[in-house]
């Protein structure tokens, strides 16, 4: 297959040329590598993503949590149920509309999240290895462009990219 033929994201002669295979391998192996650090805090990667998102947004609606974690609602509801059982988050009615459910970190949730951030700070430098600051800027810019190609709504793209409402 010619080099031009691989520019469309298709598989070349080997999987090491298939961009989305590589992205999946990096993401899944990073998760697998980071999981033991989370397990020692009683978390899974799904629970940690939810906890992290709730922390970043200072509490949020379930619909916001679903959007930022890119998790389907059934799975997300189970994750939030587990976080409630662990006393890391609590559900409460939205002050604007009592029919809507907000989730917020408890005091214990803030503490566990802070511990997880410390573990992440120890983990990420090893994963990023010998990438230079320029490599990281380039990689970040390219991933942002890919995200932009997927999220076509300007407002949603800005929210997702900047992790804010």
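Here are some notes:
- Verdict on residue 80 being surrounded by 15 or more Cβ atoms within 10 Å (Cβ to Cβ), over 16 Å from the mean Cα position of the chain (by Cα) and not assigned by TED's automatic domain parsing to the domain that holds residue 157: no
- Those residues of segment 66-77 which are out of contact with any helix residue (DSSP H, G or I) (no Cβ under 6 Å at 6 or more places or on another chain) and crowded, with 17+ Cβ neighbours inside 10 Å, in sequence order: 71
- Of the residues making up segment 65-91, those that are without any contact (Cβ under 8 Å) to a residue 60 or more places away in the chain, under 14 Å from residue 47 (Cα atoms) and in contact with a strand residue (DSSP E or B) (Cβ under 9 Å, 6 or more places away or on another chain) number 7.
- Which numbered condition residue 94 misses (of (1) in contact (Cβ under 8 Å) with a residue 24 or more places away in the chain; (2) in contact with a helix residue (DSSP H, G or I) (Cβ under 9 Å, 6 or more places away or on another chain)): (2)
- Test set (1) surrounded by 13 or more Cβ atoms within 10 Å (Cβ to Cβ); (2) in a helix (DSSP H, G or I); (3) at pLDDT below 95 - residue 63 fails condition number: (1)
- Of the residues making up segment 122-139, those that are in a helix (DSSP H, G or I) and within 19 Å of residue 29 (Cβ to Cβ) are 122, 123, 124, 125, 126, 127, 128, 135, 136, 139.
The values are calculated or read from the model by the stated rules, or taken from the named source; none is laboratory data. This one's a predicted model, so the numbers in the text were calculated from it and none came from an experiment. Because the Cβ atoms are built from the backbone with ideal geometry, glycine has one as well, and the counts that use them run over all protein chains shown.
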